[in-house]
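Have a look at the structure below, then the notes.
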Amino acid sequence: MSQRKTYYFDNNATTRIAPEVIDAMLPFMREWWGNPSSAYGFGREAGRRVEEARNAVAALINADPKEIIFTSCGTESNNSAIQSALSTHPGKRHILTTAVEHSAIINHCQALQKQGCDVTFLPVDADGSLDLHLLDQSIRPDTAIVSVMWANNETGILFPIEEIAAICRSRNVLFHTDATQVPGKMKIDVHNLGVDLLSLSAHKLHAPKGIGLLYIKRRVKYQPYIIGGHQEKGRRGGTENVTGIIGFGRAADLAVANLEDENTRVRGLRDRLEQGILSDIPHTIRTGAREPRLPNTSNIAFDGVEAESILHELDELGICVSSGSACTTGSLNPSHVLTAMGLKPARARGCVRFSLGIYNTDEEVDHLLKHLPKIIARLRESSPVKTGTTRATAGHV
């Protein structure tokens, strides 16, 4: 691999595995590689460490360890929550969600529509906010589950999960939230939130890919999505990903420890980067509301330029950013999130997401701010689409 320095600003797509996480995992690759379901001590040691990790991730969200099942990723967790709601409520075939969910929810719900389910995709307004009165009105007697993400992966916009949970509780309907982008950036307390089900993915908080969790509130009926052996107390078949689980547990400890850094230093870096772009580059806007928002995320529209061209130019300098969710990269269509917020296709295709993390530095932000204005100016000069004569106001679409 090239020794060129990488300037990484795409932490919402995935994160660097923390050295402490790697150190925790390695012994279970080299020495204690037994099957955790085995009856002998060599395997039981792996099983013991799996339960320690379960305790750690449960503490991250203030849950009982018995309410945690390990999955392969956030997508599986999301799919499992919805499928279980449908299976345990066979007379209910309506799903209520939003138009700005991750593709793990959007595409799954679209597939379920083809199988006879009725899905309501709630709209958002221009700043990405959700109308809670409309949400309440949209719940029906045949609604099996309401699924609303906590933090949008493209814009960082936060939804009022506690209020939505209270609405669902009053209407006696299950509520699930995809909280994949939240850990390490905000405190999570499932009891205060009032959710029935919650999804996380380890690779968003400096742990490896291929491991996630689904929180299932005690006394909530659950039907396994993956049928197999007795693993996860019969709630998810398949041999446990021991090293991934152990890494997840160590990362959960670190996420709690790094919470203040994310909300002070990282937030400050994000704000300095955002303000620098908006002040130094004409015809740019921030998409969505300034607050409430994740402390690390900024989505900027560059009028008159295609985001893919910006990404290519930055990549040549070792700078990693994205034009939206990594799960939709390669699509020719503009972001469904930005389209739902009312951005016109031309502007939506010029949006770039910057998502920072605990390993970013002031020097890296300086490097990006040094090169980005020149890149945008050069691309606009060669673009057949010319920008207007006035600078757009941040937040106006």
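Things worth noting here:
- Separation of the alpha carbons by more than 22 angstrom is noted, of 204/374; 66/187; 114/204; 66/221, for 204/374; 114/204.
- Counting protein heavy atoms only, the chain has 52 percent of its accessible area on carbon and sulfur, 1.4 angstrom probe.
- Listed by chain and number, the lysines placed with their C-alpha closer than 20 angstrom to that of residue 209 are 185; residues fewer than eight positions away on the same chain are left out.
- Principal-axis tilt of helix 267-280 within the chain, Cα atoms, nearest 10 degrees: 30 degrees
- Gyration tensor verdict on the chain (Cα atoms; rounded if a/c is under 1.5, prolate if a/b is larger than b/c, oblate otherwise): oblate
- Surface listing: 341, 186, 29 arranged by accessible area from highest to lowest gives 29, 186, 341, probe 1.4 Å.
- Over the chain, DSSP H runs of length four or greater, each weighted -39,500 (n - 2.57), average out per residue to a 222 nm ellipticity of -11000 deg cm²/dmol.
- Exposure of residue 6 as accessible area (Å², to 10), given a probe of 1.4 Å and all protein chains: 80 Å²
- Label point at residue 264 placed 7 Å out along Cα→Cβ; residues across the stretch 288-316 whose backbone nitrogen lies under 18 Å: 295-296
- Largest GNM mean-square fluctuation across 351, 320, 117, computed for the chain with C-alpha springs under 10 Å, falls on 117.
- Counting only protein heavy atoms and a 1.4 Å probe, the chain has 43 square angstrom of accessible area per residue.
- Rounded if a/c under 1.5, otherwise prolate or oblate - the stretch 66-185, Cα gyration tensor axes: rounded
- Cα-Cα P(r), the stretch 249-294, percent of pairs per 10 Å interval: 23, 40, 24, 12, 1
- Three-way shape call for the stretch 161-257 based on the alpha-carbon gyration tensor, with the a/c threshold at 1.5: oblate
- Förster radius 56 Å - calculated FRET efficiency between residue 370 and residue 39 (Cβ-Cβ, nearest 0.05): 0.40
The values are calculated or read from the model by the stated rules, or taken from the named source; none is laboratory data. Everything numeric here is computed off the predicted structure, so don't read it as measured data. FYI the Cβ positions are ideal-geometry reconstructions off the backbone, even for glycines, and counts take in every protein chain you see. Surface areas here come from the heavy atoms of the whole protein model, side chains and all, with no ligands, DNA or RNA. Shrake-Rupley method; radii C 1.70, N 1.55, O 1.52, S 1.80 Å.
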